[in-house]
Amino acid sequence: MAWLQEDRGASQNPIDLLEELVRANDWTFERPTESELMIEVEGRWCGYYLLFIWRVDVGAVSFSCHFDQKVPAHSWPAIYQLIGRINEALWLGHFDLTSDEGLVLYRHTVLLRGLRGASVEQLEDLVDAAVGECERFYPALQMVVWGGRSVDEALSAALMETVGEA
């Protein structure tokens, strides 16, 4: 990923800075309001849809990242179990399953109250963490939903560390 070369100071509205990051990476995006930014990022397994919302009243950026795949209702119990186990392994953010559409998404909120705003590095790290975790656990979700594998099998595969090169 190409990042901004300029080391800017913090911006009052972090969405403005995010838009610069998106443009630098030539990602498809939409900015419906001054406080919202929607981005499409192509990953290894699928496309990811990122939504950033700046909440001035609480001084926070709320962020979510989901893949364009609905989980069938009959798979929800296993996916809830898998997501719970995945969340135990995460240090930053968490996964959810939306109860209305059955979408799996990664979520995180960054509090900026008392600061001048977000830094380029914070926003880069947020995008990297979200896409990285989605890429890491997407195969496990597929194994459970479409492959008929158990939560333990899928989680073991996702958490397996590879050493060396093939």
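The values are calculated or read from the model by the stated rules, or taken from the named source; none is laboratory data. Keep in mind it's a predicted model, so treat the numbers as computed, not measured. Heads up, the Cβs are rebuilt from the backbone with ideal geometry, glycines too, and the neighbour counts pull from every protein chain shown.
Scan the stretch 21-69 for residues that are aromatic (F, W, Y) and under 14 Å from C134 (Cα atoms) and jot them down.
W45, Y48, Y49, F63, F67
Scanning the stretch 107-132 for residues that are among the polar types (S, T, N, Q) and under 17 Å from the mean Cα position of the chain (by Cα), which turns out nearest to L17 (Cα to Cα)? Please lay out each step first, then the result.
Step one: filter the stretch 107-132 for residues among the polar types (S, T, N, Q), giving 109, 119, 122.
In the following step, the residues that additionally are under 17 Å from the mean Cα position of the chain (by Cα) were identified as 109, 122.
Values: T109: 16, Q122: 11 Å.
Taking the candidates together, the pick is Q122.
For the stretch 132-159, how many residues are of a type in the set (V, I, T) and either within 17 Å of H66 (Cβ to Cβ) or in contact with a Ser or Thr (Cβ under 9 Å, 6 or more places away or on another chain) (or both)?
Here is the first cut: in the stretch 132-159, the residues of a type in the set (V, I, T) are 144-145, 151.
From what's left, either within 17 Å of H66 (Cβ to Cβ) or in contact with a Ser or Thr (Cβ under 9 Å, 6 or more places away or on another chain) (or both): 144-145.
Count: 2.
Can you name the residue in the stretch 29-55 that is more than 17 Å from L105 (Cβ to Cβ) and in contact (Cβ under 8 Å) with a residue 40 or more places away in the chain and is also nearest to the chain's Cα centre (by Cα) among such residues?
Only one residue tops the list, namely R44.
Could you list, in sequence order, the residues of the stretch 9-40 that are surrounded by fewer than 11 Cβ atoms within 10 Å (Cβ to Cβ) and modelled with pLDDT under 90?
G9
Go through the stretch 144-153 and count every residue that is buried (at least 16 other Cβ atoms within 10 Å of the Cβ) and assigned to a loop (DSSP other than H, G, I, E, B). Talk me through it step by step, then tell me what you get.
At the first step, the residues of the stretch 144-153 found to be buried (at least 16 other Cβ atoms within 10 Å of the Cβ) are 144-145, 149, 151.
Restricting the remaining residues to those that are assigned to a loop (DSSP other than H, G, I, E, B) gives 149.
So the answer is 1.
Does the stretch 140-157 contain at least one residue that is polar (S, T, N, Q), modelled with pLDDT under 90 and more than 19 Å from the chain's Cα centre (by Cα)?
At the first step, the residues of the stretch 140-157 found to be polar (S, T, N, Q) are 142, 150, 156.
When the remaining residues are screened for being modelled with pLDDT under 90, the result is 156.
Subsequent filtering for residues that are more than 19 Å from the chain's Cα centre (by Cα) retains 156.
Yes - at least one qualifying residue is present in the stretch 140-157.
Given the stretch 8-116, what strands (runs of 3 or more DSSP E) lie entirely inside it while holding 2 or more residues that are among the hydroxyl-bearing types (S, T, Y) and farther than 15 Å from A140 by Cα? Write out each step before concluding.
On the way: elements: 28-30, 36-42, 47-55, 60-70, 94-97, 103-111.
It comes to 47-55, 60-70.
Taking the stated definitions as given, is A78 farther than 20 Å from G132 by Cα, touching a helix residue (DSSP H, G or I) at 6+ places or on another chain (Cβ under 6 Å), in contact (Cβ under 8 Å) with a residue 12 or more places away in the chain and surrounded by 15 or more Cβ atoms within 10 Å (Cβ to Cβ)? Please lay out each step first, then the result.
Numbers: farther than 20 Å from G132 by Cα: yes; touching a helix residue (DSSP H, G or I) at 6+ places or on another chain (Cβ under 6 Å): yes; in contact (Cβ under 8 Å) with a residue 12 or more places away in the chain: yes; surrounded by 15 or more Cβ atoms within 10 Å (Cβ to Cβ): yes.
Judged against the criteria, A78 is a match.
Residues checked against (1) crowded, with 16+ Cβ neighbours inside 10 Å; (2) more than 30 Å from E19 (Cα to Cα):
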| residue | (1), (2) |
| --- | --- |
| L90 | no, no |
| T98 | no, no |
| E101 | no, no |
| C134 | yes, no |
| L155 | yes, yes |
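Considering only the stretch 125-143, I want to know if a residue exists there that is outside any helix (DSSP H, G or I), more than 28 Å from N13 (Cα to Cα), free of Cβ contacts under 8 Å to residues at least 40 places away in the same chain and not aliphatic (A, V, I, L, M).
Start the filter on the stretch 125-143 by keeping residues that are outside any helix (DSSP H, G or I), which leaves none.
No, the stretch 125-143 contains no residue that is outside any helix (DSSP H, G or I), more than 28 Å from N13 (Cα to Cα), free of Cβ contacts under 8 Å to residues at least 40 places away in the same chain and not aliphatic (A, V, I, L, M).
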